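One structure is given below, encoded as structure tokens.
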Amino acid sequence: MPAKFAAQASACVQSAFLDADFYRASRAIVLHSALGNEVSTDLILRNAVASGRAIFYPRLDRETDTLALCQVAGRADLAPGAYGILEPATRSIDIASMPPCTVVVPGLAFTREGARIGRGGGHYDRLTAELPHHAITVGLAYSFQLLDHLPQSALDRRLSFVVTESAIYPAPENVRRESGLREQGGTPR
């Protein structure tokens, strides 16, 4: 994918995310450092800093092979960590104590119903399983990353929403009901 196209499409996806009700209602945000041409989270980070939201990033604990969440003030708190991915060096928090938040979850492919395929480590599936019920999980994707079906196991966790440059896709009603979510659309922007 050409870098110029990725930057333009990524900006559109982030703009749709920033306009969504679930983000506007969140007091806290969990972001990740994008790899390669993945949808960036840089515009979201800037908005979160400017709006005074609590900002968290994951850090991989290599000994336990789990993700811990750490609060940061901005990009300056991130440094290359496991696998060269930018992550915080700040102290981790108790995930169960997270305030109402939106959690951005990376993936290689998604469905409109919130299924995702990551890089195969299961780190985000384990992390999202530990989040409080009020946490809203969101995948940021280019439209071409949406597939009709993905293989899923009992350990895979569905996302609350998938945001692309053209639409916001809500999870099926049962997933939204369990997390207290309301309809966000799914219609083209």
Check your understanding: Here are several values of semi-axes √(5λ) of the Cα gyration tensor in Å: [x] 29, 18, 16; [y] 22, 19, 18; [z] 33, 19, 14. Which one was derived from the coordinates shown?
Key -> [y]
**Study point:** Estimated 222 nm signal from helices in the chain, with DSSP H stretches of n ≥ 4 weighted -39500 (n - 2.57), rounded to 500
**Key:** -7000 deg cm²/dmol
Review point. Taking every DSSP beta bridge that has both residues in the chain, what percent is antiparallel when rounded to the nearest 5?
Key: 55 percent
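What FRET efficiency comes out for K4 versus N47 if R0 is 30 angstrom and r is the Cβ-Cβ distance? Round to the nearest 0.05. All intermediate terms of the calculation are to be shown ahead of the outcome.
Values: r = 23 Å, r/R0 = 0.75.
According to the calculation, E is roughly 0.85.
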Practice item. Could you pull out the longest piece of the chain with no exposed loop GluC sites (Glu not before Pro) in it, calling a site exposed if DSSP puts it outside H, G, I, E, B and it has at most 15 other Cβ atoms within 10 Å? Key: 64-182
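Could you work out the relative contact order of the chain? I mean the mean sequence separation of Cα pairs under 8 Å and 6+ apart, divided by the number of residues, in percent.
Values: 390 pairs, mean separation 37.5, N = 189.
With pairs under 8 Å counted, the relative contact order is 20 percent.
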Review point. Rounded, prolate or oblate: which fits region 38-103, taking a ≥ b ≥ c as square roots of the Cα gyration tensor eigenvalues, rounded meaning a/c under 1.5, else prolate when a/b beats b/c?
Key: oblate
Check your understanding: Within the chain, which DSSP H helices have Cα atoms that stretch 18 Å or more along the helix axis and a mean Kyte-Doolittle hydropathy of at least -1.0?
Key -> 3-19
Check your understanding: At a 1.4 Å probe, what is the % contribution of carbon and sulfur to the accessible area of region 1-118?
Key -> 55 percent
**Study point:** Accessible surface, per residue, of the chain when the full set of protein chains is kept, probe 1.4 Å, Å²
**Key:** 49 Å²
**Study point:** Among A50, A115, A34, residue whose mean-square fluctuation peaks in a GNM of the chain (springs only between Cα atoms under 10 Å)
**Key:** A50
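The values are calculated or read from the model by the stated rules, or taken from the named source; none is laboratory data. Since we're looking at a predicted model, the values are computed, not measured. For neighbour counting, all protein chains shown are included, and Cβ atoms are generated from backbone atoms with ideal geometry for every residue, glycine included. Note: accessible area is taken over every heavy atom of the protein model, side chains too, but ligands, DNA and RNA are not part of it. Shrake-Rupley method; radii C 1.70, N 1.55, O 1.52, S 1.80 Å.
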